[in-house]
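Shown next, in structure tokens, is the structure this report addresses.
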Amino acid sequence: MLTTRRVLGASAGVTAAVLVLVTGWQAGAAEEPVPDQGLYQVRGADTAGERADVTRTGVDVLGVRDGAMEVVASPSQASALRAQGLSLSLEGDWAALLDQRGGGVSARAADFPAGDEGYHTYDEMVAALQAAASAHPDITAVSSIGSSYEGRDIPVIKISDNAATDEDEPEVLFTCNMHAREHLTTEMCLHIVDRFTSGYGSDAGVTGSVDAKEIWVVPSQNPDGAEFDIAGGEYAGWRKNRQPNDDGSVGTDQNRNFSYNWGCCDGSSTSPSAEDYRGPSAASAPEVRAVQDFVDSRVVGGAQQIKAHIDFHTFSELVLWPFGFTYDTVTEGMTQEEYDRFRSVGEEMAASNGYTPDQSSGLYITDGDINDWMWGQHKVLSYCFEMYPSGGGIDGFYPPDEDIVPQTTRNDGAVDTLLSNAT
């Protein structure tokens, strides 16, 4: 990482200073221009409204924790933030940090970078689901919710004591890997699958949940993006799907593309090149349509069978609940009693894993996200978990594979709490 920074004086009329990176303290050390995309710590955006103003500049928000935002920004975006009176600390060149984190090409170019092979590629994820179904045929059923833009299947596994039968039992949905670079979330979903299959019959809590509920798990909602992010055995820092846009850019932010209040509240971008681009229309991303169609299909006899849901993301160690499109707690679609239940269950889950609980808009306004849609459209008790770590820039998206087991098992209690509240 480039560690030394200094500020050059700006000419009259320039509203923000220009940062120049210096490669070392040595006399005569060569100066390098500000990177095209820099990793910044942003301070001074202390309220949700101020943080929303940061997102509207089009920066890629990596995380929010302890009064600071971690963002990836261009020089012009950084200048715009400084013009808002914010304090920016340049931590390094985003592309260089990605190269450094990748650590070179892996032995198999289709795999994760060397040292991180403990993560599952798309093919390995599919194989893991098939292996679980083969080992536990009576309590599992693997199917598909649809296809990605590039034609990859989006598998879902059902876990229940009579998996082949659609029983009149509360259903719980776990979804992962909406954003491509958040690979730890796929491991979270695979851990849930392993725990509720291998533990059936020997773990009383697991057995009780499988007998009383129908559990659905979608380990990757964005298989195209996830595979692109590790193509060539190096990390790309990719967030969106791989659907082309009219301006020649690629990708829609799936978690701004859901139909409920899509684009309503300045909580997503209309610019196709932005990391939070909402897409040209609601549910324009095929992956989003697949999730919506699946959840819609669980309306049986006029009643939604899915009662509770967690969508796993990284990073910041947060438990979030609707709504994201408004700062209000009580509003159309959310009574005080309903909000109090969201908060109570959310705080109980956060107490079990050490995350920080909050309403989603407590960070900043978002619209078109999955949790608002799940509740607003179907009254599903729906949460967003931002997993480990609490911060860390590029490393926040790519923790070493040694962290997989401790950080997925860390959520066992929270998963159990959600299941017990799915009624």
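Can you work out which of the residues in the range 274-291 that are free of Cβ contacts under 8 Å to residues at least 60 places away in the same chain and surrounded by fewer than 20 Cβ atoms within 10 Å (Cβ to Cβ) is farthest from TRP216 (Cα to Cα)? For the range 274-291, the residue satisfying everything is PRO280. Scan the range 370-423 for residues that are over 27 Å from MET69 (Cβ atoms) and in contact with a Pro (Cβ under 8 Å, 6 or more places away or on another chain) and the total you get is 2.
Here's the yes/no breakdown for (1) surrounded by 21 or more Cβ atoms within 10 Å (Cβ to Cβ); (2) modelled with pLDDT of 95 or more; (3) in contact with a strand residue (DSSP E or B) (Cβ under 6 Å, 6 or more places away or on another chain); (4) part of a helix (DSSP H, G or I):
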residue	(1), (2), (3), (4)
CYS264	no, yes, no, no
ASP293	no, yes, no, yes
PHE325	yes, yes, no, no
GLU337	no, yes, no, yes
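Filtering VAL380, VAL405 for residues that are under 28 Å from CYS264 (Cα atoms) and either among the β-branched types (Val, Ile, Thr) or modelled with pLDDT under 95 (or both) leaves a single hit, VAL380. Within the range 167-195, the set of residues being touching a residue at least 24 places away in the same chain (Cβ under 8 Å), of a type in the set (D, E, K, R) and under 25 Å from SER420 (Cβ atoms) comprises GLU167, GLU169, GLU171, GLU187, ASP194, ARG195.
Scanning for something among the charged types (D, E, K, R), assigned to a strand (DSSP E or B) and within 30 Å of LYS307 (Cβ to Cβ), does the range 93-115 turn up at least one residue? No, the range 93-115 has no match at all. Looking across the range 124-176 at every residue that is of a type in the set (Val, Ile, Thr) and not in a strand (DSSP E or B), the one that is farthest from GLN305 (Cα to Cα) is identified as VAL126.
Checked against (1) buried (at least 24 other Cβ atoms within 10 Å of the Cβ); (2) in contact with a strand residue (DSSP E or B) (Cβ under 8 Å, 6 or more places away or on another chain), ASN241 passes all but condition (2).
Which of the residues spanning the range 167-206 are in contact with a Phe, Trp or Tyr (Cβ under 9 Å, 6 or more places away or on another chain), polar (S, T, N, Q) and more than 16 Å from THR409 (Cβ to Cβ)? Scanning the range 167-206 gives THR175, ASN177. Contact map, the range 332-348: residues that are assigned by TED's automatic domain parsing to the domain that holds TYR383 paired with residues that are part of a helix (DSSP H, G or I), Cβ distance under 6 Å, separation 6+ or inter-chain. Pairs shown: GLY333/GLY376; GLU348/THR417. Across the range 64-110, which residue is farthest from ASP229 (Cα to Cα) among those that are among the hydroxyl-bearing types (Ser, Thr, Tyr), at pLDDT 85 or above and in contact with a Gly (Cβ under 9 Å, 6 or more places away or on another chain)? Across the range 64-110, the extreme among qualifying residues is SER87.
Among residues that are out of contact with any His (no Cβ under 6 Å at 6 or more places or on another chain) and part of a helix (DSSP H, G or I), ILE192 is included. Filtering the range 266-280 to residues that are in contact with a Gly (Cβ under 9 Å, 6 or more places away or on another chain), in a loop (DSSP other than H, G, I, E, B) and not basic (Lys, Arg) leaves GLY267, SER268, THR270, SER271, PRO272, SER273, ALA274, GLU275, ASP276, GLY279.
Candidates in the range 215-261 are the residues that are part of a loop (DSSP other than H, G, I, E, B) and among the charged types (D, E, K, R); of these, the one that is nearest to ASP276 (Cα to Cα) is ASP253. Among residues of the range 383-402 being modelled with pLDDT of 95 or more and over 22 Å from ILE230 (Cβ atoms), the one that is surrounded by the fewest Cβ atoms within 10 Å (Cβ to Cβ) is CYS384.
Of the residues making up the range 160-173, just one is under 25 Å from the mean Cα position of the chain (by Cα) and surrounded by fewer than 24 Cβ atoms within 10 Å (Cβ to Cβ), namely GLU171.
A Cβ distance below 8 Å, combined with a sequence gap of six or more or placement on separate chains, defines the contacts here; from the range 80-96, residues that are farther than 17 Å from THR55 by Cβ reach residues that are of a type in the set (Ser, Thr, Tyr) and modelled with pLDDT of 85 or more in the pairs SER89/TYR40; LEU90/TYR40; GLU91/TYR40. The one condition from (1) in a helix (DSSP H, G or I); (2) without any contact (Cβ under 8 Å) to a residue 40 or more places away in the chain that PRO357 does not meet is (1).
Among VAL217, VAL250, VAL210, VAL206, which is touching a Gly at 6+ places or on another chain (Cβ under 8 Å), of a type in the set (Val, Ile, Thr) and surrounded by 16 or more Cβ atoms within 10 Å (Cβ to Cβ)?
On the way: VAL217 fails: touching a Gly at 6+ places or on another chain (Cβ under 8 Å); VAL250 fails: touching a Gly at 6+ places or on another chain (Cβ under 8 Å); VAL210 fails: touching a Gly at 6+ places or on another chain (Cβ under 8 Å).
So the residue among VAL217, VAL250, VAL210, VAL206 that is touching a Gly at 6+ places or on another chain (Cβ under 8 Å), of a type in the set (Val, Ile, Thr) and surrounded by 16 or more Cβ atoms within 10 Å (Cβ to Cβ) is VAL206.
The values are calculated or read from the model by the stated rules, or taken from the named source; none is laboratory data. Quantities reported herein were computed from a predicted structural model and do not represent experimental measurements. We place every Cβ from the backbone using ideal geometry, glycine too, and count neighbours over all the protein chains shown.
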